[in-house]
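Participant: Have a look at this one.
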Amino acid sequence: MTRALHRMLPAAALAALVPFVSAADEPASQFVDNSLLIAPEYPCTWPAHPFPRFQITHTRTIGPDSVYNIDTLLIDGNTGTQLDVPPHSVARPDLKREKSGPLGLATTDKTEAWQFGGEACVVDVTDLLDQAANGVSPLVTPAYVQRFETAHRQVRFGDVVLFRSDYSDHYYVPFPEGSRFIADALNRKSPGFPDPDPECMEFLAKRGVMTLGTDSASMGPLPNLAEPTHFAGLRHGMIWTEGATNLGALPATGAFYCNLSPKHEGGPYAEGRAFSIVGGDLPGRLIEACRNKRAVDLTPVLSPRLPVTNPGAVAGQHRQVYLKVDFLYSDYLDMWHHAHLMDSMAGAHLVPPAFALPPPNEAPAYAPEVRGWLSDYEKKFGARGNSTLTAEQVPLDWTCGPLRIIDVRPLIGTSDAKAWPASPEITAEFIQADEKAHGALQPGQVVLFHTGHLDRYLRSKPDDTGLWTDPLQGKTEGWTAPGPAAINYLHSKGIRCVATDAPDLGGVDPRRAAMTYWALGSREMVGVEFLHNVGSVPEGSAAYFLFAPLKIRDCHGVPGRAIVLY
């Protein structure tokens, strides 16, 4: 709950909002993962030339030259469960082509946060599975939506219409059997995936539906209706999920569904993480927030022009820079299809326990200096511990919850310049003082430290040194960050997820940073780092934080998108 909420509302009004922000009613609500696992042995990428195959490289592992496990990704927006937006088919207005329009500029970084979610309306089309010739998709016509409406209710604005055929549940498996998911259909060895036809898209547009999803590999029917169907929906400003899964776990209506993707600059599509929330009061509250466009995006844009990855304090310590990799040119759209080569912690990202902790029964050969840090840490805070909990294993309900913003901006300027590089430390005592002024922390809340650092310093060249480089080199004060004692205190209060609008939770002092991440990992807590725009969460609002990282196997830190619904 924000500081302003306690400050502005009378006690009676505050009490009325408690059900929204309290975790007390959350056990009745359950998260359902609707995303495919991304891994090299799965059919997670489009199999036609020249689309790149997904790659993960474990660039550094915990040992003599690294305190952390660090990964690099080569990933295309058409990987796994994904998000399509209008520029996938709508040309830019300046091109003045038949399919040109303003929505040709509505890329993934421009999509409003409210449109990612809504009430799931699950249209059962399982009777269409495999009911077509090889290489041909069974078509979902308006009659299937009307059948749903007869049984339940009419679809409308704020709904997410999901076409459930169980295609991905059956055919998304490791190779060689995994070729059945896409390649065999393209090669006319198996029936195509069920999909809506253009008439179905027009029908839904007239209903006011703006968000869709399918558990097929694409929203484009084979062999020749992919583009007509895409354009029929996208020209109305729709967005949708491709490659959803596990839709059978949802009721026909009433669940909250959401697909959150990294915020790639100029992206006509993006890899995403889809999930639903069922049961209890929470789905209805989140559905109404999206239907009424009460949403704030806390995710900075990912761009090669911006310092979205750690450059290191000295040579040899930098992470993989964020690069756009063009691979296929669309003449009609005057657009390159592209992948990204990037550090897995580029931009807004998840920090799982395995980032800083080695696997069980492994004693890493740390550098002598780091062994000293570890000895000091364990004397004061106990055993560092071990973990294999990589990002894809972190439950979604760990990274979502009622939002508690703690304003730590008063700490700016409190470090001793003679000691730089140094970051002002968020202590347990500072958190306790905030609780005394604004109410006790509640188990299940997501604590977000409002430092304002990214809002001030996330700039393109030549003004890009204030975010990372100057603080890391001791030219300016480091960003405010929690120490291990603060993490331990948050754990004692039932907090599982700690977020920040600073570059990271560690700060610029490598010793203290290591201890902070050891404390997080050993308490099975997670971090969400590199957020911004926290000040846009409305004062007096009861806010719910949603962060969903990509579901990449064996990844030690994964990008995603953070939004707030209120």
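Participant: Sequence neighbours fewer than 8 away in the same chain don't count; with that in mind, list the lysines whose C-alpha is under 19 Å from Lys493.
Facilitator: Counting by Cα, and skipping residues close in sequence, Lys493 has these lysines nearby: Lys436.
Participant: Output the Kirkwood hydrodynamic radius of region 239-354, Cα pairs only, in Å rounded to one decimal. Display every interim value, and only then the final one.
Facilitator: Numbers: mean 1/r = 0.0578 Å⁻¹.
After inverting the mean inverse Cα-Cα distance, the result is 17.3 Å.
Participant: How fast does region 22-164 diffuse by Stokes-Einstein, in µm²/s, taking the Kirkwood radius from C-alpha pairs at 10 °C and 1.306 mPa s?
Facilitator: The diffusion coefficient I find is 80 µm²/s.
Participant: Here's something else I'd like to know. Could you tell me what a quarter of the Cα convex hull surface of region 427-566 works out to, in nm² with one decimal place?
Facilitator: Reported value for the Cα convex hull: 9.5 nm².
Participant: With just the Cα atoms of region 301-357, tell me how far they stretch along each of the three principal axes, in Å, largest first.
Facilitator: Largest first, region 301-357 extends 48, 26, 18 Å along its Cα principal axes.
Participant: Would you mind getting me the FRET efficiency between Glu524 and Ala28? Use the beta-carbon distance for r and R0 = 25 Å, nearest 0.05.
Facilitator: 0.60
Participant: Considering only Cα-Cα distances, which of the following residue pairs are longer than 18 Å: Lys110/Lys461; Lys110/Lys293; Lys206/Lys263?
Facilitator: Exceeds cut-off: Lys110/Lys461; Lys206/Lys263.
Participant: Right, next: Calculated from DSSP H runs of 4 or more alone, at -39500 (n - 2.57) each and per residue, what is the 222 nm mean residue ellipticity of the chain, nearest 500? Intermediate values should be presented prior to the final figure.
Facilitator: Numbers: 14 runs with 121 residues, N = 566.
Computed mean residue ellipticity for the chain: -6000 deg cm²/dmol.
Participant: Using r as the Cβ-Cβ distance of Gln432 and His170, and R0 as 60 Å, what FRET efficiency do you calculate, to the nearest 0.05?
Facilitator: Result of the calculation: an efficiency of 0.70.
Participant: Return, for the Cα atoms of region 90-134, the radius of gyration and Dmax in Å, separated by a comma.
Facilitator: Using the Cα atoms of region 90-134, the pair Rg, Dmax is 17.4, 44 Å.
Participant: Using only the alpha-carbon atoms, what does the chain span along each of its principal axes? Please give whole angstrom values in decreasing order.
Facilitator: 71, 56, 50
Participant: Using alpha carbon coordinates only, what is the Rg to Rh ratio of region 487-534, with Rh defined as the Kirkwood radius?
Facilitator: For region 487-534, the value is 0.97.
Participant: Related question: Cβ neighbours within 10 Å, averaged per peptide: list 414-420, 335-341 in order, most packed at the top. Working shown, then result.
Facilitator: Numbers: 414-420: 12.0, 335-341: 19.9.
Peptide ranking by packing, descending: 335-341, 414-420.
Participant: Shifting gears a bit: Rounded if a/c is under 1.5, else prolate if a/b is larger than b/c, else oblate: which is region 79-293, with a ≥ b ≥ c the root eigenvalues of its Cα gyration tensor?
Facilitator: Rounded, because the longest to shortest axis ratio a/c is under 1.5.
Participant: Let me ask another. Between Lys206 and Gln473, what is the spin-label point distance in nm, taking each point 7 Å from the Cα along the Cα→C-beta axis?
Facilitator: 6.3 nm
Participant: Please compute one quarter of the surface area of the Cα convex hull for region 456-519 and express it in square nanometres.
Facilitator: Details: hull surface 18.8 nm².
Its average projected convex-hull area is 4.7 nm².
Participant: Still on this structure: R0 = 30 Å: FRET efficiency of Thr414 with Arg53, Cβ-based, nearest 0.05?
Facilitator: The formula returns an efficiency of 0.05 here.
Every number here is computed from the coordinates shown, using simple stated rules; none is lab data. Bear in mind that the values here come from a model prediction, so they are computed numbers and not experimental data. Glycine also receives a Cβ, built like all others from the backbone with ideal geometry; neighbour counts cover every protein chain displayed.
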